[in-house]
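Taking it in order: structure first as C-alpha cells, then the write-up.
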Amino acid sequence: MKKFILKCLVYVFLILLTLEGFVRLLHLYTEDPPRYIDEDGVEKRVPGSSGYAVTGNRNQNFSEFRINEEGFNSKNEFNPTAQDYEVALIGDSFIEGFHQDYYISTGEKVEEQTKDISVYEYGYAGYDLANQVHLIHAYKEQFELIDKIVIYLNYESDLSRGEYSPNYARIKMLNSTLFKIRDNIKLLAYGSKIGILEPFKRLAQGKAFREPQNGYQENEVKLSQEEIDAQELKRLNNFKSLVTLYGFDKEKTVILLDSRKTADSFLRYCKAENIEVLDFAPNFKASKKSTTLIYDHHWNEHGRELIAKTIANYIKENP
Amino acid sequence: MLFNSLEFLLFLPLIFILYWMVFHKNLKAQNILIIIASYIFYGWWDWRFLLLILMSTLVDFFVGQQIYKQQDSGKAKYWLWVSMAFNLGLLGFFKYFNFFVDSFIDMWSIFGYEMKSTWTLRVILPVGISFYTFQTMSYSFDIYFKKLKPTNDLVAFTAFVAFFPQLVAGPIERASNLLHQISNKRVFNFDQASSGIKLMLWGFFKKLVIADALAPIVDDIFQNYSDYPASTLILGVCLFSFQVYGDFSGYTDIALGTAKLLGVELMSNFKFPNFSRNVAEYWQRWHISLSTWFRHYLYIPLGGNRVGKLLSIRNITIIFVVSGFWHGANWTFIFWGALHALFYIPVFLMGRNRIYADNVIAENSWLPSLKEIGQVLLTFALVTFSRIFFRSPTLTDSFAYINKIIEDFSYAPYVHPMGYRMIDFYVLIALFTFYEYLIRKDERNPFKFKSRYVRFFVYSVLILLMLLFYDDGVNRSFIYFQF
C-alpha cells in the first residue's frame with residue numbers, strides 16, 4: 001500500500017519532468033519578455049530580449065520577437081534625425097505584433113511600400129490611448145524629430161480613462177516569485193496558456209466548487225440608449241482630457257481606427273477638431289480573404305498587409 | 001461529480017486513503033465509506049435525486065427477500081412485478097413520460113385532431129437512472145430465476161447499488177459479480193491497483209483526447225449539416241463514431257480503474273468494437289453489460305433462438321428496439337435500434353452471429369487478411385451509418401442528413417470551427433486506431449510493453465497528448481450521462 005503510493009508519487013514526478021522536457025523540446029510554451037516602467041513612467045519591455053511567442057496548444061502560431069534598445073518589439077532601433085523621414089506607429093498588441101515574426105511586421109510592410117522611410121513601432125500589449133499619448137509626451141524630444149505619428153485606437157477599449165498612471169501593480173505581480181516560477185517551469189507556463197490550470201487557480205482563490213457545473217452563460221447585457229450615450233460621452237471626455245493633459249500634435253498625428261467599431265459622435269468630433277482619422281474599415285470590408293487569425297482576433301498576414309497599405313497610401317498622399 | 005474534474009482528482013485519493021488506511025480492518029466500515037463516497041459523488045450533481053437511488057435500493061432489497069421466501073411461483077412473480085413496476089415506473093416517469101404524451105398528441109394530429117400539450121411536465125432526467133434501475137432489477141431477476149440468494153446485508157446491498165465508479169454510466173453489473181465482491185473482505189493488491197491506474201490513464205486519454213477533441217467538429221457538422229457537402233457529412237458521422245466510442249469506453253475504463261483501486265473488479269464493457277467483423281460481433285464488443293442484460297432478462301425469457309426462426313427474429317427485433325429505447329425517449333433511438341436489428345438478422349439467419357465470439361481480428365497473425373479488413377470496414381460503415389440516427393435530434397434531421405449526403409454528393413475540404421489544423425485530428429485518429437489494433441487482445445491491459453522504459457514513454461506521450469488537445473471551452477460531460 002505504502003509502496004504503491006510512493007511509486008505513484010515517483011511516477012508523477014518523473015512524468016512531470018518528462019513533460020517539462022517535451023514542452024521545452026517542442027517549444028510549446030510562449031515567452032513573454034519581461035516588462036518594466038522606465039524613469040519617464042512608460043511601460044515597456046526590458047531591452048535586448050528575444051524569443052518566440054506561441055499561440056495555441058499545438059504551436060498553431062509561432063513567431064519570433066526581438067525587443068530593441070528602446071524596449072519595443074521591432075527590427076529597427078529608434079534613432080530619429082531631422083534629415084530622415086520617420087513614422088511612429090503606436091498601439092497595443094496589434095502593433096506590438098507578437099503574432100508575426102518581428103522582421104515581417106506591419107511597420108516593415110509600410111517601409112516596403114514607401115521609399116526611404118523608417119517605421120518605429122511603439123507597440124505594447126495593454127496600451128490604451130492614455131499610454132500612447134503619455135508616451136509621446138514623455139519622449140517629447142524623440143517625437144519632435146519624428147515626422148508622422150500613427151496612433152492605433154481600439155475605440156471600444158482604449159478610452160476608458162482620462163489620465164495616465166503607470167500600472168505598477170501589474171509589473172509587481174509579473175515580477176513576483178509566483179510568476180517567475182511559472183515562467184521558468186515551462187510546463188506551468190504552457191499549462192497556464194492553454195487554461196488547464198484554471199481549476200487550480202479557482203481552488204487557490206476558494207472558488208473551485210462554486211462554479212456552476214453546467215457552465216450556464218449569462219445573458220449578454222444590453223445597454224439602453226441612455227446608457228450608450230453616457231458611455232460615449234465618457235469616452236469623448238476621456239479623449240478630451242488626455243489631449244489637454246498630454247497634448248496632441250494635429251499636424252503630424254493621425255488616428256488609425258476601424259470605423260465599424262467607432263461611434264459616429266467620436267468621428268464627428270475628430271472631424272470638427274481637424275483631427276485626422278485613418279480608417280482601415282473599407283479595405284477590410286472589401287477583402288475577400290480573412291483579415292484575422294482564425295483562433296485569435298489579431299490581424300493575420302493579410303490583415304497586416306492591408307493595414308500597411310492603408311498607412312503607406314496615407315503617407316504617400318500626406319508626406 | 002465528473003471523473004474529469006478537479007473535484008474528482010481530490011476526492012479519489014482521499015477516499016483511497018480512508019478506504020485502505022483507516023477502514024481497511026472492518027468490511028462494514030469500508031462499505032459504509034463506499035456508500036458515503038458514492039452518495040457524495042452522485043449528490044454533487046443534484047442531491048435531491050439521491051432519494052430515488054435510496055428508494056430503488058430499499059425496494060429491491062426487500063423485494064429480493066420476498067421473492068426468495070415465496071414457495072409459490074405465482075407469489076414470487078408478483079414480487080418480481082413489484083420490483084419491475086417500481087423501477088420501470090421511475091424510468092417511465094423521469095425519462096419517458098413526456099415522450100409518451102408528445103407521441104400520443106402527434107398521433108392524434110395525424111388524424112387531424114390538434115391537442116394542446118398540457119400533460120407534459122418539466123422533469124429533469126436524473127443522471128444514470130437507466131443504469132442503476134437496471135442494476136437493481138437484475139438483482140431481483142437473478143433471485144427470481146434462482147441464480148442468486150438474496151443478501152441480508154443492507155449496507156453491502158446499498159453499496160452495490162450506489163458503487164460510485166459505475167453508478168452513473170455503468171457497466172451495469174450483476175449482483176453475482178459485484179455484490180459478491182462487496183460482501184467479502186477486500187485485500188489491497190499492488191498489481192490490481194497499478195493496473196487500475198493504467199486503465200484510468202487510458203480512459204482519460206480516450207475521453208480527453210479522442211472524444212473531447214472531436215466534439216466541436218461533430219457538433220458543428222451535425223448542427224449545420226444543411227451547409228455542408230457529402231464529404232463533410234460523412235466525415236462528421238465517422239468522427240462521431242470515434243467520439244462516442246472514446247467518450248463511453250473512456251468512461252468505462254476510468255470506472256474499471258477506479259474500482260480496481262478499491263479492490264473491486266468490474267466487468268468489461270468494451271472490447272475494441274471498431275475491429276468487429278460483423279454486426280453480431282460488434283454487439284459482443286460494444287456496451288457489453290447492456291447487451292448481456294437484455295440477453296439474460298429479455299431475450300432468453302422470450303425464448304431466445306430456441307423458438308424457431310420467425311420467433312427468434314421477433315425476439316431479436318424486440319431486444320434491439322427496446323435497447324434503442326433504453327438510450328433515450330426519442331424516436332431516433334428506436335429507429336437506431338430497429339436499424340441494428342435489420343443489420344443483425346441476416347447475420348443471424350446465416351448462422352454467423354457467434355462465430356467471432358471467442359477470437360479477435362488477426363487472431364494468430366500480425367496483420368489482418370484482406371477479407372477481415374473488408375469485413376471490418378463494412379461493419380464500421382453500417383454501425384456509423386446508424387449513428388446518424390443516434391446523433392441527430394429528430395428523425396426529420398436524420399433523414400435530412402442522409403438526403404443531403406445523397407443530393408450533394410461532392411467534396412470540399414472541411415475547416416475546423418476554431419480554425420485548427422484538421423490534419424492533427426486525422427493523424428490522431430489513425431494513431432489511436434493503430435494503437436488499439438496493437439492491444440486488441442486484452443481490453444483490460446492497454447500498456448503491455450515488456451520494457452518499463454517504453455511503458456513510461458507511452459504514459460508520458462499520452463499525457464502530453466491530453467495537453468496538446470485540451471480545450472477548456474469544451475463541455476466535458478460524458479455522452480452516456482444523458483441516458
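Descriptive notes on the structure:
- Single match in A:262, A:292, A:244 (criterion: free of Cβ contacts under 8 Å to residues at least 60 places away in the same chain, away from chain B (no Cβ under 14 Å) and over 23 Å from residue A:318 (Cα atoms)): A:244
- Any hit, the stretch B:114-135, residues being farther than 30 Å from residue B:39 by Cβ, touching a residue at least 12 places away in the same chain (Cβ under 8 Å) and of a type outside the set (Gly, Ala, Ser): yes
- The residue of the stretch A:218-248 that is modelled with the lowest pLDDT, among those that are surrounded by fewer than 12 Cβ atoms within 10 Å (Cβ to Cβ) and assigned to a loop (DSSP other than H, G, I, E, B), is A:218.
- Residue within the stretch A:149-159 that is part of a helix (DSSP H, G or I), farther than 19 Å from residue A:50 by Cβ, in contact (Cβ under 8 Å) with a residue 12 or more places away in the chain and β-branched (Val, Ile, Thr) present: no
- Residue in the stretch A:280-291 that is surrounded by fewer than 19 Cβ atoms within 10 Å (Cβ to Cβ), touching a strand residue (DSSP E or B) at 6+ places or on another chain (Cβ under 9 Å) and in a strand (DSSP E or B) present: no
- Residue-level analysis places residue B:191 among those that are within 14 Å of another protein chain (Cβ to nearest Cβ) and either acidic (Asp, Glu) or in contact with a Phe, Trp or Tyr (Cβ under 8 Å, 6 or more places away or on another chain) (or both).
- When residues of the stretch B:388-426 are limited to those that are among the small types (Gly, Ala, Ser) and part of a helix (DSSP H, G or I), the one farthest from the other protein chains (Cβ to nearest Cβ): B:400
- Residues in the stretch B:217-237 that are of a type in the set (Phe, Trp, Tyr) and in a helix (DSSP H, G or I): 2 in all.
- Failed condition for residue A:182, given (1) at pLDDT 60 or above; (2) surrounded by fewer than 16 Cβ atoms within 10 Å (Cβ to Cβ); (3) away from chain B (no Cβ under 14 Å): (2)
- Selection count where residues are in a helix (DSSP H, G or I), under 25 Å from the mean Cα position of the chain (by Cα) and either closer than 23 Å to residue A:14 by Cβ or more than 13 Å from chain A (Cβ to nearest Cβ) (or both), scope the stretch B:427-458: 10
- Which listed residue, of A:192, A:176, A:157, is within 14 Å of another protein chain (Cβ to nearest Cβ) and among the hydroxyl-bearing types (Ser, Thr, Tyr): A:192
Residue-by-condition table, conditions (1) under 27 Å from residue A:204 (Cβ atoms); (2) basic (Lys, Arg); (3) surrounded by 17 or more Cβ atoms within 10 Å (Cβ to Cβ):
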{"position": "B:9", "(1), (2), (3)": "yes, no, no"}
{"position": "B:15", "(1), (2), (3)": "yes, no, yes"}
{"position": "B:19", "(1), (2), (3)": "no, no, yes"}
{"position": "B:26", "(1), (2), (3)": "no, no, no"}
{"position": "B:43", "(1), (2), (3)": "yes, no, no"}
{"position": "B:49", "(1), (2), (3)": "no, no, yes"}
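- Counted as qualifying within the stretch B:1-83 are the helices (runs of 4 or more DSSP H) with 2 or more residues that are within 12 Å of another protein chain (Cβ to nearest Cβ), namely B:6-17, B:27-46.
- Scanning the stretch A:60-72 finds one or more residues that are touching a residue at least 60 places away in the same chain (Cβ under 8 Å) and not in a loop (DSSP other than H, G, I, E, B).
- Single residue of B:169, B:175, B:215 found to be in contact with a Leu (Cβ under 7 Å, 6 or more places away or on another chain) and either surrounded by fewer than 23 Cβ atoms within 10 Å (Cβ to Cβ) or at pLDDT below 95 (or both): B:175
- Taken residue by residue, the stretch B:142-157 has no member that is within 29 Å of residue A:7 (Cβ to Cβ) and not small (Gly, Ala, Ser).
- Any hit, the stretch A:234-242, residues being within 25 Å of residue A:137 (Cβ to Cβ), in contact with a strand residue (DSSP E or B) (Cβ under 9 Å, 6 or more places away or on another chain) and of a type outside the set (S, T, N, Q): no
- Residues of the stretch B:461-481 that turn out to be within 11 Å of residue B:205 (Cβ to Cβ) and outside any loop (DSSP other than H, G, I, E, B), as a count: 6
- Selection from the stretch B:345-372 of residues that are under 18 Å from residue B:441 (Cβ atoms) and surrounded by 11 or more Cβ atoms within 10 Å (Cβ to Cβ): B:355, B:356, B:359, B:360, B:361, B:362, B:363, B:368, B:369, B:372
To keep it simple, each residue is scored yes or no on (1) touching a Cys at 6+ places or on another chain (Cβ under 9 Å); (2) within 12 Å of chain B (Cβ to nearest Cβ); (3) part of a loop (DSSP other than H, G, I, E, B).
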| position | (1), (2), (3) |
| --- | --- |
| A:5 | no, yes, no |
| A:11 | no, yes, no |
| A:14 | no, yes, no |
| A:28 | no, yes, yes |
| A:32 | no, no, yes |
| A:39 | no, no, yes |
| A:48 | no, no, yes |
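- Here the condition is being touching a residue at least 60 places away in the same chain (Cβ under 8 Å), touching a Ser or Thr at 6+ places or on another chain (Cβ under 7 Å), crowded, with 18+ Cβ neighbours inside 10 Å and under 24 Å from residue A:175 (Cβ atoms); of A:42, A:54, it holds for A:54 alone.
The values are calculated or read from the model by the stated rules, or taken from the named source; none is laboratory data. In this text the structure is predicted, and so the values were computed from the model without any measurement. So basically every Cβ, Gly included, is an ideal-geometry build from the backbone, and we count neighbours across all protein chains shown.
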